[in-house]
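Participant: Here you go, one structure.
Only the coordinates and a few stated rules stand behind these numbers; no lab work does. All values derive from a computational prediction rather than experimental measurement. Cβ placement follows ideal geometry from the backbone for every residue including glycine, while neighbour counts extend to all protein chains displayed.
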């Protein structure tokens with residue numbers, strides 16, 4: 001079946017619906033937070049999913065049902081992929097194809113939420129022909145709404161255009177990743193096995209942080225390393241320009257769909273986390289939504305010697321020189 005085409009007016013209407021839905025879902029999250037703070041709800045029980053790091057509360061499921069029902073009522077012909085729906089379903093295959101699909105994480109940063117650390121959010125992505133066209137990320141504790149619609153730009157709270165520094169947009173530092181904020185997460189794969197994903201991530205983190213010339217020339221001397229506990233918000237902050245680089249493996253479509261839409265509309269670049277054999281000469285591949293491997297670079301302006309895109313690509317290659325290959329498969333693959 002050929003991909004459904006949408007006019008700009010149709011996308012604008014879907015975007016307005018998604019923004020309203022994101023705010024309402026975020027309000028529901030905050031209602032549950034207030035109940036916990038006031039002690040007006042029953043003691044919470046925590047149910048474990050695939051491992052001890054991935055905690056799920058009843059709130060996840062309730063918010064996803066709220067979002068799914070609203071979408072099915074408004075757009076009954078659109079497909080729906082939500083984290084909780086996927087986790088409980090029999091099929092573990094990649095479910096996004098060319099058809100219009102809503103890709104939802106009702107609560108990204110669940111561990112943060114359970115500890116009342118405010119970096120958690122609702123993530124609503126609308127994917128058309130395998131590419132995120134609309135993204136809404138609402139972090140209700142900070143009242144931060146990140147949003148984008150293809151052709152309409154990316155925004156913070158619908159009034160500040162992303163990236164925040166725009167006149168002019170700064171180029172990537174000439175010696176990137178030095179002078180960059182590098183964002184990454186520990187991830188859920190905590191198996192303490194030699195050369196496993198966790199060990200490869202740790203080696204990569206140290207390479208990026210070490211002094212210039214250290215680590216056998218791999219030292220990146222980044223300004224800092226940040227882990228928000230939410231891949232969705234990592235992407236939003238990269239689109240905002242607050243993070244320069246985001247490198248991650250192990251995410252799912254619902255973790256990144258909305259953030260990718262916002263990042264690309266803001267002018268960022270996203271490609272594969274895994275370095276090729278020769279970072280200097282290899283082409284920089286387009287992002288694959290279901291790859292589970294992502295490297296994002298913030299929006300960048302031109303300098304006297306290179307375009308913004310050239311500075312982004314240069315930064316990609318410098319990151320690739322310092323990070324390890326990660327190995328994340330899809331269940332059943």
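Participant: Treating the angle as unsigned and between 0 and 90°, give the value, to the nearest 10°, between the Cα long axis of helix 253-266 and the longest Cα principal axis of the chain.
Facilitator: 60 degrees
Participant: Which residue, 283, 302, 291, tops the fluctuation ranking in a GNM of the chain built on C-alpha contacts under 10 Å?
Facilitator: 283
Participant: Top mean-square fluctuation among 96, 14, 262, Gaussian network model of the chain, C-alpha springs under 10 Å?
Facilitator: Answer for the Gaussian network model of the chain: 14.
Participant: Then there is this: How many times 2.2 N^0.38 Å is the alpha carbon radius of gyration of region 181-320?
Facilitator: Working: Rg = 14.5 Å, N = 140, 2.2 N^0.38 = 14.4 Å.
Dividing the Cα Rg of region 181-320 by 2.2 N^0.38 Å gives 1.01.
Participant: Looking at the chain, what % of its DSSP beta bridges pair antiparallel, to the nearest 5? Before the final figure, lay out the partial values.
Facilitator: On the way: 34 of 43 bridges.
Antiparallel: roughly 80 percent of the beta bridges in the chain.
Participant: Who wins for biggest fluctuation among 213, 153, 125 in a Gaussian network model of the chain, springs between alpha carbons below 10 Å?
Facilitator: Comparing 213, 153, 125 in a Gaussian network model of the chain, the most mobile one is 213.
Participant: Using all alpha carbons of region 67-146, what is the percent of pairwise distances in each 5 Å bin, ordered from the shortest bin to the longest?
Facilitator: Reading upward from the zero bin: 3, 14, 22, 23, 19, 12, 6, 1.
Participant: Another question, then. Using 7 Å Cα-to-Cβ label points, what is the residue 130/residue 212 separation (nm, one decimal)?
Facilitator: Result: 4.1 nm between the two label points.
Participant: To the nearest 0.05, how large is the calculated FRET efficiency for residue 281 and residue 58 if R₀ is 41 Å and r is the Cβ-Cβ distance? Numbers along the way, then the final one.
Facilitator: Values: r = 51 Å, r/R0 = 1.25.
Efficiency, from the Cβ-Cβ distance: 0.20.
Participant: Rank the residues 62, 278, 255, 234 as a footprinting-exposure proxy: fewest other Cβ atoms within 10 Å of their Cβ go first.
Facilitator: Exposure proxy ranking, most exposed first: 278, 62, 255, 234.
Participant: Further, regarding this structure: Given (1) 19.5, 61; (2) 23.8, 83; (3) 18.2, 55 as candidate values of Rg and Dmax of the Cα atoms in Å, which corresponds to the one derived from the coordinates?
Facilitator: Matching the structure shown: (1).
Participant: Hey, how many Å between the Cα centroid of region 162-198 and the Cα centroid of region 211-246?
Facilitator: The distance from the Cα centre of region 162-198 to that of region 211-246 comes to 3 Å.
Participant: Could you calculate the contour length gain from residue 24 to residue 7, that is, 0.36 nm times the residue separation minus the distance between their Cα atoms, to one decimal place in nm?
Facilitator: Working: separation 17, 0.36 × 17 = 6.12 nm, distance 2.60 nm.
Length gained between residue 24 and residue 7: 3.5 nm.
Participant: Still on this model: Report the residues of region 313-332 in range of a label on residue 174: point 7 Å along Cα→C-beta, backbone N strictly under 20 Å from it.
Facilitator: Output list for this probe position: 313-319.
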